[in-house]
1. Quick one: which residues, 5+ away or cross-chain, put their amide H under 5 Å from the amide H of THR205? H built at 1.01 Å from N.
2. Would you mind calculating the gained length between GLU177 and GLN215 on full extension (0.36 nm times residue separation, minus the Cα-Cα distance), in nm to one decimal?
3. Report the full-extension gain for the segment THR188 to VAL114: residue separation times 0.36 nm, less the Cα-Cα distance, to one decimal in nm.
4. How would you order 100-109, 206-215 from highest to lowest mean count of nearby Cβ atoms within 10 Å?
5. How charged is the neighbourhood of THR144? Take every other residue with its Cβ under 14 Å from the Cβ of THR144, and add Lys/Arg as +1 and Asp/Glu as -1.
6. If region 142-183 were replaced by its equivalent ellipsoid, with semi-axes equal to the square roots of 5 times the Cα gyration tensor eigenvalues, what would those be, largest first, whole Å?
7. Which FRET efficiency value, to the nearest 0.05, is calculated for SER47 and TYR19 with the Förster distance at 45 angstrom and r the Cβ-Cβ distance?
8. Please give the length that would be gained between ASP153 and LYS124 if that part of the chain were fully extended, namely 0.36 nm times their separation in residues minus their C-alpha to C-alpha distance (nm, one decimal).
Amino acid sequence: MTAVYKDDQGDWMTVCLKYLLFVFNVLFWVGGAAVMGVGIWTLIDKSDYLSLLASSTFAVSAYILILAGALVMVTGFLGCCAVIREQRSCLSTYFCCLLLIFLIELVAGVLAYVYYQRLSEELKQHLNETMTENYAQPGKEAITLAVDRLQQDFKCCGSNNSFDWLHSVYMTSAVSEGRVVPDSCCKTITTLCGRRDHPSNIYKTEGGCITKLEQFLADHLLIIGAVGIGVACLQHQLKLSDRPAAS
């Protein structure tokens, strides 16, 4: 009688662990979709600005997050199949994939955090040079578009202020047609509106575009870092909780 009771209790525990593992896998799948969504949103939302950065760390962090999210979704599906079919080999593969995902997401989070620490210095060193030397130059159409969009979206003019444009390659050439700032600096864009740099005509934002772009990128990097490290740690804890079900 006692042996039968123990067998029933063991079966009940096994069923509970299976359902618990199944629920965890569904949560993994949802978490993976969220992680991938953050990565895609980061790249799509004002992705033009990436051409203004000296390093590719920002983009790499987002791509890693997308990869990790996709792997989480595949792994979650694999885990659900393993639970339903009760295949030990699939469960072993599942736990290996979780470890890989944990490491990938951790790398994305750490990269974002490290880049966040030196973001301000990079922008100060490279943004002004990129804008003044490449704007409206042959073969630099992506940078020109990015600068125009940056100045319009953030209502700014020049990397530090509008006077930065006085030393640009474009403004000192005949092609500028007498402009002192690009037309994208104007509050209301019209042809050749950049000939007049009065505050009533152009954006005279204190701190220029560096301040605005730095804040924008910093916010995105904090999200990438938080999601990467946070989800990785959560998955690691859930993975530890899942282990008894694999035995």
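The values are calculated or read from the model by the stated rules, or taken from the named source; none is laboratory data. Predicted, not measured: the structure shown is a model, and the values here were computed from it. Cβ sites come from the backbone with ideal geometry, for glycine too, and all protein chains shown count toward neighbours. To get the accessible areas, we keep the full protein, side chains included, count just its heavy atoms, and leave off ligands, DNA and RNA. Shrake-Rupley method; radii C 1.70, N 1.55, O 1.52, S 1.80 Å.
1. CYS157
2. 10.3 nm
3. 22.8 nm
4. Most protected by this proxy first, the peptides run 100-109, 206-215.
5. For residues surrounding THR144, the net value is -2.
6. The three semi-axes for region 142-183 are 17, 12, 8 Å.
7. Efficiency for this residue pair is about 0.60.
8. Fully extending the segment from ASP153 to LYS124 adds 8.5 nm.
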